[in-house]
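Every number here is computed from the coordinates shown, using simple stated rules; none is lab data. Just so it is clear, the model here is predicted, and its values are computed rather than measured. We place every Cβ from the backbone using ideal geometry, glycine too, and count neighbours over all the protein chains shown.
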Amino acid sequence: MRVDETLSRYSDWTYAAAVGVYVLALLFSLVEQAFGRRVRPVAARELVGAGAPAETPAETTAETTTETPTGPPGDEQARTEADDQDRRSRAERFGRMSVSLIVLGAVLHFAALALRGLATGRVPWGNMYEFGATLSLAAVVTWLVLLRRFPIRRLSVWLLLPVVVLMFLGGVVLYTTAAPVQPALQSYWLAIHVLAVALGSGMVLVPGVVSVLYLIKVYRPQWATRLPDAQVLDQVAYRTTVFAFPIYTAGVIFGAIWAESAWGRFWGWDPKETVAFVAWVVYAAYLHSRATAGWRGGRAAAINIVGFAVMIFNLFFINLVVAGLHSYAGG
């Protein structure tokens, strides 16, 4: 099938524009993170308690809590407080602009994938470049949904950082010219299996990042005065994983069905299959430990981070270094 070079070029341009908008959103979010209101420091034992069941109270302050000024009242103090309030208000405006830029970036990001698909006449996740772009879009959309439910806007800088890095590597190192996929991938399972894996992988990027921030919040509270409540971070990581796990599970199952159709067996312990299964086991252990053993807080966050690390290992090392039946995915 002939590739539409014009649409392919437009796809590349919108992809680059999306990366640029994400970088700008990251910088705006960084301003809010650096100059926004601090969360009042609390004792370490109170923070550790934030990992307890939901009924246990966590920090007694919200994200918008400000430090109480000390000292005798006076004009100079009033001016200082007014300047400080004005600075924080400006930082929050930067945070709101950051969210608007993330939405714009997501629209451009989606347009880049859509144009790529139209240019090639197939689904736009047939190689590593396209898979990484789809995964990143899933992570960004997941984050925008979470922003409507949790007070975590100032964490956008930490979510955008891996997304920008992944998209930069995709556009520079993993970029592949638009072309039809190899015969081995010309199956309707490409649209089903790879999409499910990309969505699940992109969604678990969010709890992976949030779990790292949770551990910082609990064990290094002096570094985390501008992070949200530890219990909020724990809930964001858990609820996102609960939603992402069935999608990722479906992707693994669809892959086994496709393998039986293409290679005559459901499972062959190919390196990518094996590491994908390891990641599935880790996330299953995370959800099971929370549901049955009541593991929350630091131990649950550590398991979630391990699962995230396995996913990253599978995405880069297994796909790009180790030879296997899935090696064509890098082309």
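You can think of it this way: the chain between VAL172 and GLU5 has 58.2 nm of extra reach, that is 0.36 nm per residue less the Cα-Cα gap. Note on GLU5, GLU130: ascending count of other Cβ atoms within 10 Å places them as GLU5, GLU130, the fewest first. 3J(HN,Hα) along segment 256-270, derived from phi through the Karplus expression 6.51 cos²θ - 1.76 cosθ + 1.60 where θ = phi - 60°, amounts to 5, 5, 5, 4, 5, 6, 8, 10, x, 8, 6, 8, x, 6, 4 Hz, with x in place of Gly and Pro.
Taking 0.36 nm per residue of separation and subtracting the current Cα-Cα distance, fully stretching the chain between ARG265 and ALA284 would add 4.4 nm. The residues ASP12, ASP229, ASP234, when put in order of fewest to most other Cβ atoms within 10 Å, stand as ASP12, ASP229, ASP234. Cβ crowding within 10 Å ranks LEU24, LEU144, LEU101 as LEU144, LEU24, LEU101, fewest other Cβ atoms first.
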